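Below you'll find the structure, written out as structure tokens, and then a few comments.
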Amino acid sequence: NAPDEFVEQQLQSGKYPNYEAMVQEGLRLLQAQEERDTEAKRIADELRPAYERFKRGEPGIPLDAEDVIRRGREHLATKHNQI
């Protein structure tokens, strides 16, 4: 059975000390994926009204490129300082 072989290979490689550690890592990865999926859905929901207006051919909000760049840099600096 392929999943059983994979588990055995991972344990023999020493990557995980035991089965429980593998399960914990798998659950951690599933939780992280769920958080990414939730964030992606939140962003999609936030952008949906603008996308619908775009599809209808309605004019968008004019963007100030300098402001967008400045805000992006501020956001990245904030993220970097959180690490």
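Annotations for the structure displayed:
- Residue satisfying all of: in segment 54-83; open to solvent by less than 90 Å² (accessible area, probe 1.4 Å) and within 26 Å of the chain's Cα centre (by Cα); modelled with the lowest pLDDT among these: 78
- Boolean, residue 40 is within 13 Å of the chain's Cα centre (by Cα) and not charged (D, E, K, R): yes
- Filter pass, residue 40 being modelled with pLDDT of 95 or more, surrounded by 10 or more Cβ atoms within 10 Å (Cβ to Cβ) and at negative phi: yes
The values are calculated or read from the model by the stated rules, or taken from the named source; none is laboratory data. What you see is a predicted model, and the numbers here were worked out from it, not measured in a lab. In this analysis, Cβ positions are derived from the backbone assuming ideal geometry, glycine residues included, and neighbour counts consider all displayed protein chains. These area figures cover heavy atoms from the full protein model, side chains too; ligands, DNA and RNA do not enter into them. Shrake-Rupley method; radii C 1.70, N 1.55, O 1.52, S 1.80 Å.
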